[in-house]
Ligand SMILES: [Mg+2]
């Protein structure tokens, strides 16, 4: 958030008239802006197309290279980029011209010679719009995150991890290759809850998720499948890669006790893995069921181990 605020104080001036340019620059520096100055339309567009563009711009209408209004039109056509609030500066007083500028995407305009106080007030209004927009985007991102993530552990929720399985499945249907799923279950988790309480159980779940996440690659997905069960989607992996990853997670959980508010708690976990080698013979749900069967086997054989199941 601090980063956004710092960036939003930056402003671009594009003005070919040296006198007007100097006045603008001096005023904006006085008002605390971090000012980038260019003298023609082409340079202005270049600045506005950079990754780290100033979010406020004062563009002269008539400039060599490209008109301010045309620059507006071009940057408005680019979607998925940070919004730039544009004030057009114009010597034209004809209403039709101003309407055209606004229609092409300018947010506001000032006629030259401009009044300093008016410019300052309009820039403040622009900044208010940008701050509102940033707030809305942050709220939207937060909603999106909470809709797809498990509140307690921060990993994907059940719906999102199933989406990841489906995604890998259709990717595999298009191209050849395999992928794996791992179902993890904390051993005797009920005992932890019974002896230490549910708050401690929550701490254990969080720490287990954290340790599992440290083992995976950036393109794998970790999700909370149920109470103390985690589902991991291992992109592009064969049987041995998937099993090796499960073993790495098992060891990461076993290696040292979890430090909780109730003291250290020794935790172990069991893993079932399945790799989809033939899409024609199975579906995403069936693959997870196979991992579940393998997990069941790991439990039956004494827990704190990993078992494999392969689709024929
Ligand atoms: Mg000019």
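Nearest 10 degrees is fine. How inclined is helix 116-148 to the longest principal axis of the chain, computing both from alpha carbons? In the chain, helix 116-148 runs at an angle near 10 degrees to the longest axis. Taking 86, 222, 155 as the candidate residues, the one with maximal mean-square fluctuation in a Gaussian network model of the chain, Cα springs under 10 Å, is 86. Distance between the modelled labels on residue 149 and residue 83, one decimal in nanometres: 2.5 nm (7 Å Cα→Cβ projection). Label zone (residue 100, point 7 Å along Cα-to-C-beta; backbone nitrogen cut-off 18 Å) within the range 26-65: 41, 59-65.
Rounded, prolate or oblate: which one fits the range 1-128, using the alpha carbon gyration tensor with axes a ≥ b ≥ c (rounded when a/c is under 1.5, else prolate when a/b beats b/c, else oblate)? Judged from the Cα gyration tensor, the range 1-128 comes out rounded (a/c under 1.5).
Extension gain, residue 139-residue 217: 0.36 nm per intervening residue step, less the Cα-Cα distance, totals 25.3 nm. Take each peptide in 207-214, 54-61, count the other Cβ atoms within 10 Å of every residue, and average; sorted highest first, the result is 54-61, 207-214. For the chain, the 222 nm mean residue ellipticity estimated from helices alone, with every DSSP H stretch of n ≥ 4 adding -39500 (n - 2.57) and the total spread over all residues, rounds to -16000 deg cm²/dmol.
The angle between the Cα long axis of helix 198-215 and the main principal axis of the chain comes to about 80°, on a 0 to 90 degree scale. Counting neighbouring beta carbons within 10 Å and listing from fewest to most, the residues 165, 241 come out as 241, 165. The DSSP beta bridges internal to the range 135-282 are antiparallel in roughly 95% of cases. Where does helix 239-254 land angle-wise versus the long Cα axis of the chain, in degrees 0 to 90, nearest 10? Relative to the chain, helix 239-254 is tipped by roughly 90 degrees. A crude spin-label estimate for the pair residue 131 and residue 92, with each label 7 Å from Cα along the Cβ direction, gives 3.3 nm.
Going by a ≥ b ≥ c, the root eigenvalues of the Cα gyration tensor, does the range 180-290 fall in the rounded group (a/c under 1.5), the prolate group (a/b larger than b/c) or the oblate group? Judged from the Cα gyration tensor, the range 180-290 comes out prolate (a/c at least 1.5, a/b above b/c).
In the chain, the DSSP beta bridges split such that about 50 percent are antiparallel, to the nearest 5. Label positions at residue 31 and residue 170, each projected 7 Å from the Cα along the C-beta direction, are separated by 4.8 nm.
A short reminder: the numbers here are calculations on the coordinates, not readings from a lab. Everything quoted here is computed from the prediction, not taken from an experiment. Backbone-built Cβ (ideal geometry, glycine too); neighbour counts: all protein chains shown.
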